[in-house]
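Comments concern the structure below.
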Amino acid sequence: MKNKKLFGDAIQYYQLALENELNHYPFYHLSIANTYTKIGEIFSQPEDYTRSLSYFDKVLKIQKKILSPNHSLLAITNYNIAKALAGLCEYKKSIEYASQAVNIARHTFGSNHENVQLYENYVKKLRRRTLINVVPNGAVYE
């Protein structure tokens with residue numbers, strides 16, 4: 001019950017921050033993207049992947065408009081979207097976004113960077129999951 005209250009409080013505070021930012025900044029502003037990211041991350045905690053994904057999509061739209069194509073924040077956002085899609089069992093789309101995160105991170109940091117390794121391992125995990133047709137809770141489907 002305490003976690004539910006903390007969740008509600010966090011959403012409320014970030015929504016207020018977002019409202020304030022939308023009143024003071026143009027839509028395509030990094031502060032707004034950062035707040036959308038935080039809200040998306042909060043919604044992923046109770047596994048509300050649909051809502052989480054909607055916020056991450058907004059983040060990606062803003063970031064693509066204002067950042068260079070290989071900015072590290074784009075890699076993080078693609079990875080966040082990949083995780084939300086995997087939570088919705090949309091593995092093929094998830095692999096596309098995770099692979100994009102790998103490509104951006106590799107271009108930005110080089111092949112040996114820890115983020116590149118993290119994203120590559122996630123792509124491998126997703127590919128294994130699609131090969132054996134296992135959903136997140138471990139149930140097998142056909």
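Quick one: is THR37 in contact (Cβ under 8 Å) with a residue 40 or more places away in the chain, under 30 Å from LYS125 (Cα atoms), crowded, with 16+ Cβ neighbours inside 10 Å and in the same structural domain as LEU118 (by TED's automatic domain parsing)? Spell out the reasoning first.
Values: in contact (Cβ under 8 Å) with a residue 40 or more places away in the chain: yes; under 30 Å from LYS125 (Cα atoms): yes; crowded, with 16+ Cβ neighbours inside 10 Å: yes; in the same structural domain as LEU118 (by TED's automatic domain parsing): no.
So THR37 does not fit the description; no.
Does the range 100-131 hold any residues that are in contact with a helix residue (DSSP H, G or I) (Cβ under 7 Å, 6 or more places away or on another chain) and surrounded by fewer than 18 Cβ atoms within 10 Å (Cβ to Cβ), and which are they?
Matches in the range 100-131: THR108, PHE109, HIS113, GLU120, ARG127, ARG129, THR130.
Only one of these is in contact (Cβ under 8 Å) with a residue 12 or more places away in the chain, in a helix (DSSP H, G or I) and outside the structural domain of ILE32 (by TED's automatic domain parsing): LYS92, LYS58. Name it.
From the options LYS92, LYS58, the qualifying one is LYS92.
Can you work out which of the residues in the range 40-75 that are closer than 18 Å to GLY8 by Cβ and touching a Phe, Trp or Tyr at 6+ places or on another chain (Cβ under 6 Å) is surrounded by the fewest Cβ atoms within 10 Å (Cβ to Cβ)?
ARG51
Given the residues THR108, THR77, which is the only one that is in contact with a Leu (Cβ under 6 Å, 6 or more places away or on another chain), outside the structural domain of ALA10 (by TED's automatic domain parsing) and part of a helix (DSSP H, G or I)? Can you show your working first?
Numbers: THR108 fails: in contact with a Leu (Cβ under 6 Å, 6 or more places away or on another chain).
Exactly one residue qualifies, and that residue is THR77.
Which of the residues belonging to the range 45-85 are polar (S, T, N, Q) and more than 9 Å from the chain's Cα centre (by Cα)?
Once the filter is applied, which keeps residues that are polar (S, T, N, Q) and more than 9 Å from the chain's Cα centre (by Cα), the range 45-85 yields GLN45, THR50, SER54, GLN63, SER68, ASN70, SER72.
Checking GLY40 against (1) of a type in the set (Gly, Ala, Ser); (2) closer than 18 Å to TYR97 by Cβ; (3) outside any helix (DSSP H, G or I), which test does it fail?
Looking at each condition in turn, GLY40 falls short on (3).
Just need a number here: residues in the range 8-33 that are in a helix (DSSP H, G or I), touching a residue at least 12 places away in the same chain (Cβ under 8 Å) and not hydrophobic (A, V, I, L, M, F, W, C). Before you say what the answer is, go through the steps one by one.
As a first pass, look at the range 8-33 and keep what is in a helix (DSSP H, G or I): 8-24, 30-33.
If we keep only those that are touching a residue at least 12 places away in the same chain (Cβ under 8 Å) too, we end up with 10-11, 14-15, 17-18, 21, 30, 32-33.
Of the ones still in play, those that are also not hydrophobic (A, V, I, L, M, F, W, C) are 14-15, 21.
Qualifying residue count for the region: 3.
Looking only at the range 33-60, how many residues end up being of a type in the set (D, E, K, R) and closer than 15 Å to GLU19 by Cα? Break it down stepwise before answering.
We begin by selecting, within the range 33-60, every residue of a type in the set (D, E, K, R); these are 38, 41, 47-48, 51, 57-58.
Filter again for closer than 15 Å to GLU19 by Cα, leaving 38, 58.
Of the residues in that region, 2 qualify.
The values are calculated or read from the model by the stated rules, or taken from the named source; none is laboratory data. Note that the structure is a prediction, hence the values are computed from the model and not measured. So basically every Cβ, Gly included, is an ideal-geometry build from the backbone, and we count neighbours across all protein chains shown.
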